[in-house]
Amino acid sequence: MSKFSASDAAFVGFRLVREHPRTVAVWAVLMTVLSLVMSTVTIKLAGPQMNAFMAMSADNNASPEEMLAVMGGLAPLLGLSLVYSVALYSVMLAAVNRIVLRPDDSRSAYLRLGADELRQAGMLILVNLMMIGVYFLLAIVYGVLLAIAIAAGGGAISGVIGVVGFAAVVCAMVYLAVRLSFASAVTFDTGKVSIMKSWALTKGQSGALLGAYLLAIVMAVIVYLLVMTIVAAVAAIVSGGIGGLSGLFEPDMSSLEAFFTPIGIARAAFSGVISVLTTLIVFSPAPEIYKILKRGGVEPAGAAV
């Protein structure tokens, strides 16, 4: 039996926004600055290649050779983006855990660059490697079963196996993600990179956890759509019509001059706000539920089946 309210946990992010408006404002400003800096670096490293890649992605006639040639030019940017993503999510996950598990430790708006963040980076790398490894293993099994069904000459059977197998892979990956969802909170709380403790703590809680996470994701999508609707309305008024919205949803990355237009800067500012809001909404339920279960005496060794 679940010892927490999935619906209450899903709305923790909104409570944090209400209780810590200054912190949210600081995070939004920093995210906006980072967005502008990364956009500048992207344009400098591979602006034309980015535009060419997006154009080819929309062109069904583009050959694989052309796509590979453009992607080769994006390799340095992809490497930098990977490092940036790990660093950013490590800091943000540590901050979200800190605001939930150590609310009194509000120095520097809960943001740090230290051991907690390094452990979060290690946790992220390990969890993602595990997820990728399991995915490839399941994909191999799925491919073998499908190949056997096709070789047996059963068109209907192979179709059923294809659909059921695909659904099984998706369900297995979702289940794995739910069972590992406490890894960040446990790592932050214990001061040690820990993944399998999450597996023990979430035992018997998968359904309630999935419900909380899905509801939080739905809320994040709604917030995103609401903010983007407001941004689009303001941009349409400023630009003089709907035609000016193309730069809002499809930024021109060919040069700094083309990107840093009034609409481009406004887009970056609102993307910072959206990033912070969605981060709090999506990532705060896990540490909040972990805290509730921990206070309720749920220990890894004694978790219910």
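The values are calculated or read from the model by the stated rules, or taken from the named source; none is laboratory data. Everything quoted here is computed from the prediction, not taken from an experiment. Neighbour counts run over all protein chains shown; Cβ positions are idealised from the backbone, glycine included. We work out accessible area using only protein heavy atoms, side chains counted, and drop any ligands, DNA or RNA first. Shrake-Rupley method; radii C 1.70, N 1.55, O 1.52, S 1.80 Å.
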For the range 153-205, which residues satisfy the criterion of being touching an Asp or Glu at 6+ places or on another chain (Cβ under 9 Å) and more than 12 Å from MET123 (Cα to Cα)?
-> ALA200, LEU201
Condition met for LEU129 (open to solvent by 40 Å² or more (accessible area, probe 1.4 Å), within 30 Å of LEU30 (Cβ to Cβ) and in a helix (DSSP H, G or I)) = yes
Considering residues of the range 105-118 that are of a type outside the set (Ser, Thr, Tyr), in contact with a helix residue (DSSP H, G or I) (Cβ under 9 Å, 6 or more places away or on another chain) and open to solvent by 60 Å² or more (accessible area, probe 1.4 Å) only, the residue modelled with the lowest pLDDT = LEU113
Looking at (1) at pLDDT below 90; (2) loosely packed, with under 13 Cβ neighbours inside 10 Å, find the lone condition where ILE150 falls short.
-> (2)
List every residue pair whose Cβ atoms lie under 8 Å apart, where the two residues are 6 or more positions apart in sequence or sit on different chains, the first residue falls within the range 99-112 and is without any contact (Cβ under 8 Å) to a residue 60 or more places away in the chain, and the second residue, located anywhere, is among the hydrophobic types (A, V, I, L, M, F, W, C).
-> ARG112/VAL91; ARG112/ALA94; ARG112/ALA95
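How many residues are over 28 Å from ASP105 (Cβ atoms), of a type outside the set (Lys, Arg) and open to solvent by less than 20 Å² (accessible area, probe 1.4 Å) when one looks only at the range 179-212? Spell out how you get there, then give the answer.
Here is the first cut: in the range 179-212, the residues over 28 Å from ASP105 (Cβ atoms) are 179, 203-204, 206-208, 210-211.
If we keep only those that are of a type outside the set (Lys, Arg) as well, we get 204, 206-208, 210-211.
Pick out the ones that are also open to solvent by less than 20 Å² (accessible area, probe 1.4 Å) and you get none.
Looking only at that region, the number is 0.
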The range 1-104: helices (runs of 4 or more DSSP H) wholly inside it with 3 or more residues that are buried (at least 16 other Cβ atoms within 10 Å of the Cβ) and either modelled with pLDDT under 75 or in contact with a strand residue (DSSP E or B) (Cβ under 7 Å, 6 or more places away or on another chain) (or both) are 21-57
Could you give me the residue pairs with C-beta distances under 6 Å whose first residue belongs to the range 262-290 and is at pLDDT 85 or above, whose second residue is in a loop (DSSP other than H, G, I, E, B) and surrounded by fewer than 24 Cβ atoms within 10 Å (Cβ to Cβ) wherever it lies, and which are 6+ apart or on separate chains?
-> ILE289/PHE4
The range 291-305, residues that are modelled with pLDDT of 80 or more and open to solvent by 50 Å² or more (accessible area, probe 1.4 Å) = ILE292, LYS294
Which listed residue, of VAL144, VAL83, is without any contact (Cβ under 8 Å) to a residue 40 or more places away in the chain, over 30 Å from ARG22 (Cα atoms) and of a type in the set (A, V, I, L, M, F, W, C) | VAL144
Please state which of the following conditions TYR135 fails to meet, knowing it meets all the rest: (1) of a type outside the set (Val, Ile, Thr); (2) over 28 Å from LEU30 (Cβ atoms); (3) surrounded by 13 or more Cβ atoms within 10 Å (Cβ to Cβ); (4) without any contact (Cβ under 8 Å) to a residue 24 or more places away in the chain.
-> (4)
